[in-house]
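The values are calculated or read from the model by the stated rules, or taken from the named source; none is laboratory data. Since the structure is predicted, the reported quantities are computational estimates derived from the model, not experimental observations. FYI the Cβ positions are ideal-geometry reconstructions off the backbone, even for glycines, and counts take in every protein chain you see. The accessibility values were calculated without ligands, DNA or RNA, using every heavy atom of the protein model including side chains. Shrake-Rupley method; radii C 1.70, N 1.55, O 1.52, S 1.80 Å.
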Amino acid sequence: MSKLNYRIGQIVPSSNTTMETEIPALLNARMLDFPERFTFHSSRMRMKKVVKEELEAMDRDSDRCAAELSDARVDVLGYACLVAIMSMGHGYHRTSQSRLRQVTTDNGADAPVVTSAGALVEGLHTLGAKKIAVVCPYLKPLTQLVVDYIEAEGIAVKDFVALEIPDNLEVGIQDPKNLLEIYKRLDLTGVDALVLSACVQMPSLPAIAQVEQEAGIPVLSASIATTYQMLKSLNLETRIPNAGALLSGKY
């Protein structure tokens, strides 16, 4: 008999309020069409302001979180901070995923690890995107760091918007409907995909389907890409209604 019940673990910045909202919303929507059921479990790393020093200190705490979540025997772990990984250097998501998985193995509870940074890059490759546009809430230097990280993975960033919000709690209370206008600042000529929120804290789910319809290209976010990779790592069908092309079931 195939497994039907899954525990989803998330390693979350202490000031993050969105990933524990959007990922459950996505997987709960999936439960309307599929028999699998999910419960959600988190461990938190201290971080209040999205600046490089706090991000680096927070990342050092992720091993403890992975150990705590593996105590609960979660089936997959998601590292829910994109810019923390990207601030540690190009390709660091691979290092983080490998190290955190080893923590779960050493704890006798081996589980796959997905980082939102790696998930976004892999999601863009899955869509076949060669040139993209990006919306970020970060200050311009951190936004440029995200752009450089993505480009180091072989994907060109044609244009980006940096909303320049340093306080992580303020990022989390942005109205996702504002993105319906914000994305129009971008030059989408020749762009293969749009990342409507390259941040796991900036809400975007209510805008994804509408922007995708208006823009005529695949639209995704860090939370959508993370959910896709979680489902893939659990060998489950990657189809969720109204969640954009990546979660259409086509990929």
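In square angstrom, what is the accessible area per residue of the chain with a 1.4 angstrom probe? Please list the in-between numbers first.
On the way: 10070 Å² over 251 residues.
Per residue, the chain has an accessible area of 40 Å².
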Report the calculated FRET efficiency for Leu180 and Arg239 (r = Cβ-Cβ distance, R0 = 22 Å), to the nearest 0.05. 0.35
Report for the chain the percent antiparallel among DSSP-assigned beta bridges with both residues inside it, nearest 5. 5 percent
When the accessible area of segment 152-251 is computed with all protein chains present and a 1.4 Å probe, what percentage of it is carbon and sulfur? 47 percent
May I ask you to derive the FRET efficiency for Gln102 and Ala57 from their Cβ-Cβ distance with R0 = 25 Å, giving the value to the nearest 0.05? 0.75
What pairs from Lys49/Lys184; Lys3/Lys177; Lys140/Lys232; Lys3/Lys48; Lys3/Lys250 go past 30 Å between their alpha carbons? Lys3/Lys177; Lys140/Lys232; Lys3/Lys48
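Send over the semi-axes of the chain's equivalent ellipsoid, whole angstrom and largest first, taken as the square roots of 5 times the C-alpha gyration tensor eigenvalues.
Numbers: eigenvalues 134, 93, 51 Å².
In descending order, the three semi-axes are 26, 22, 16 Å.
State which stretch of the chain is the longest one without any exposed trypsin sites (Lys or Arg not before Pro), exposure meaning a DSSP loop state and at most 13 other Cβ atoms within 10 Å. Walk me through the numbers on the way to the answer.
Working: sites that count: Lys3, Arg46, Lys250.
Maximal segment without exposed cleavage sites: 47-249.
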The alpha-carbon center of segment 171-185 and that of segment 25-98 are separated, in whole Å, by 24 Å
